[in-house]
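What follows is a single structure, written as structure tokens, with notes after it.
The values are calculated or read from the model by the stated rules, or taken from the named source; none is laboratory data. All of these numbers come straight from a predicted model, not from anything done at the bench. With ideal geometry, Cβ positions are generated from the backbone for all residues, glycine too; neighbour counts draw on all protein chains shown.
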Amino acid sequence: MIEQAYLFNSLEWSWEIAVSDAVITQLVLALGGYVMHTSFRYYRPGQKNALYIIIWSLMMAGALLLLQRWALSEIFSTQTDYLSFLSRSTMMRYLFNWLMIAFVSVISWLWYFLQEQQENEKRKQDAEQLARNTELASLRQQLQPHFLFNSLNSISALAGSRPEEARKMVQQLSDFLRGTLKKDDRQMVTLEEELLHLQLYLDIEKVRFGYRLQTQIIHDEAAVKMKLPALLLQPVVENAIKFGLYDTTGEIMISIEAQAENELLTLIITNPFDAVTSSSQQGTGFGLSSIQRRLYLLFFRNDLLTTTKDENLFTTTIKIPQL
Amino acid sequence: MIRTILIDDEPLARSMVKEYLQHHAEIEIVAECNDGFEGVKAIGQHKPDLIFLDIQMPKINGFEMLELLESPPAVIFTTAFDEYAIKAFESHAIDYLLKPFSKERFDKALQKWMSVRNAVESKNTSALIESVAQPEERQRIVVKKGANIVIVPVHAVYYIEAYDDYVKIHTKEGFYLKKKTMSHYEQALDPALFVRVHRSYLLNVQELTKIEPMEKDNHVALLKNGMRIPLSQSGYTKLRSVLGI
């Protein structure tokens, strides 16, 4: 601003005119810069749309020029020399405005861009942290002492009378545990893979609970190649089995259904429960709330897991967006 | 002949015990049960000398099943992993088997029971179930009404009243009797939900509508269903602190 005033003063304009011109020009520019910066907060063109910034700044520079001219010609309406100078310098002023606005725009765009990067980075870190925690939690859950010791007890029982079956169950338990240890929570796997892992778990539980536990898995042809986060389905089914088996007596049917629909993999898990005595009345239960959290961190959506209760059937529905 | 019943929801776990018992000709298995309901029925019918009892079972757990029995038989607990239960066993010197257990360990437990047989086994069991606060008790109370077993969710309980050696559990459907103490429920239930407002009353605060002053410094609690429960002085203070008033 000061430089501009000196410059104009050296061009033989009075200090009054030089300073006023500089102050008004710069103030209007500052206003324009501020407007550009603020508008970026609400809408920021993507990296590919640099053209927008150029057009915006060209228009903004024009608008600012009109404002500057109007203000200056109001103040110095009697100074005809100055007014003609103002007209002659229009192109230069416009260029100057545009350069300044474009500069501010680029800086402010970069500023927001970096901020978003930082936020993304932080979200990613949070997701990784949680993944680590769930990894631990899921390890603890799958190495769930109840599951593990009861499975070992079943194997011990089989070893006496049906050694072949005992050997098979040792194999299944080992494969299941290995799958749990090997998999990374952040990894996306196909439904096909996840169902294989789930089958091992179901086979073990069926040996433990015998006829009481019935399962059915239904899936679309299109669904098997769709992707979902690793180790997501098994804890949900485990939850369903736990409620089903401990909330009722007699046979229970756990059904797992997978459908492909418009870029979404929909998983529907149902289990019977007792509406009167069920402790699952208490919200979604621990198992499911950690799943909900994981889905949020992966897809930034809170509406992907829903549960419904229909008489004596508890349904968990999970939607997995296909990225 | 010693008569025994196996109660476990996992068939293979029962077959394991059965196999170990083959070497004990003096023991006869009179029944096998999948859950606590079947257990109560079979015990009433067969009056066994000894039962092998799992803890985590459908609908009602092993402890809840024992609570329903007039005079529980001697018990050898079999469990995979229930930390709270194991602590209780140890503090009452009651033997238990951790799954999977060896034949030697099984024989030892049986031997130990045989040597102290006819002693005060049943009394021990009662003391055990009185002292153990099961995590399930925060959710539900299992009671008997005639021949039926009723599972009462704790939020459906209005209040619990002392009644000689029993407690009366008051609900919308009337009251149920249970052979437990007030202090047991005071410990086992969520203290933010159930407040001991009087020596003889444990109140579900969600049922409270009003506290009214009585003569002298006494107060009475008015429940949503119109019932009135006296508050002792310390009970009144406790209630106020729980309600934050």
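Values as computed for the structure displayed
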| item | result |
| --- | --- |
| Single match in A:Glu238, A:Glu251, A:Glu263 (criterion: under 28 Å from the mean Cα position of the chain (by Cα), charged (D, E, K, R), over 22 Å from A:Phe176 (Cβ atoms) and in the same structural domain as A:Leu298 (by TED's automatic domain parsing)) | A:Glu263 |
| Residue count for region B:143-199, restricted to those that are exposed (fewer than 14 other Cβ atoms within 10 Å of the Cβ) and among the small types (Gly, Ala, Ser) | 5 |
| Residues (aliphatic (A, V, I, L, M), part of a helix (DSSP H, G or I) and away from chain B (no Cβ under 14 Å)) located in region A:155-211 | A:Leu177, A:Leu181, A:Leu191, A:Leu195, A:Leu196, A:Leu198, A:Leu200, A:Leu202 |
| Residue in region B:89-107 that is under 13 Å from the mean Cα position of the chain (by Cα) and either polar (S, T, N, Q) or more than 10 Å from chain A (Cβ to nearest Cβ) (or both) present | no |
| Filtered residues of region B:46-65 (kept if surrounded by fewer than 24 Cβ atoms within 10 Å (Cβ to Cβ) and more than 14 Å from chain A (Cβ to nearest Cβ)) | B:His46, B:Lys47, B:Pro48, B:Asp49, B:Leu50 |
| Test: B:Phe106 is farther than 24 Å from B:Lys180 by Cα and among the hydrophobic types (A, V, I, L, M, F, W, C) | yes |
| Residue ranges of strands (runs of 3 or more DSSP E) in region A:212-323 with at least 2 members touching a Lys or Arg at 6+ places or on another chain (Cβ under 8 Å) | A:213-219, A:264-272, A:313-321 |
| Some residue of region B:18-35 being in contact with a Lys or Arg (Cβ under 8 Å, 6 or more places away or on another chain), closer than 23 Å to B:Ile149 by Cβ and assigned to a helix (DSSP H, G or I) | no |
| Yes/no for B:Leu21 being touching a Phe, Trp or Tyr at 6+ places or on another chain (Cβ under 7 Å), within 14 Å of chain A (Cβ to nearest Cβ), among the aliphatic types (A, V, I, L, M) and closer than 26 Å to A:Glu165 by Cβ | no |
| Residue check, B:His155 more than 15 Å from the chain's Cα centre (by Cα) and assigned to a helix (DSSP H, G or I) | yes |
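For (1) touching a helix residue (DSSP H, G or I) at 6+ places or on another chain (Cβ under 7 Å); (2) assigned by TED's automatic domain parsing to the domain that holds A:Ala18; (3) among the hydrophobic types (A, V, I, L, M, F, W, C); (4) assigned to a helix (DSSP H, G or I), each residue gets a yes or a no:
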site	(1), (2), (3), (4)
A:Gly33	yes, yes, no, yes
A:Pro45	yes, yes, no, no
A:Asn49	no, yes, no, yes
A:Leu65	yes, yes, yes, yes
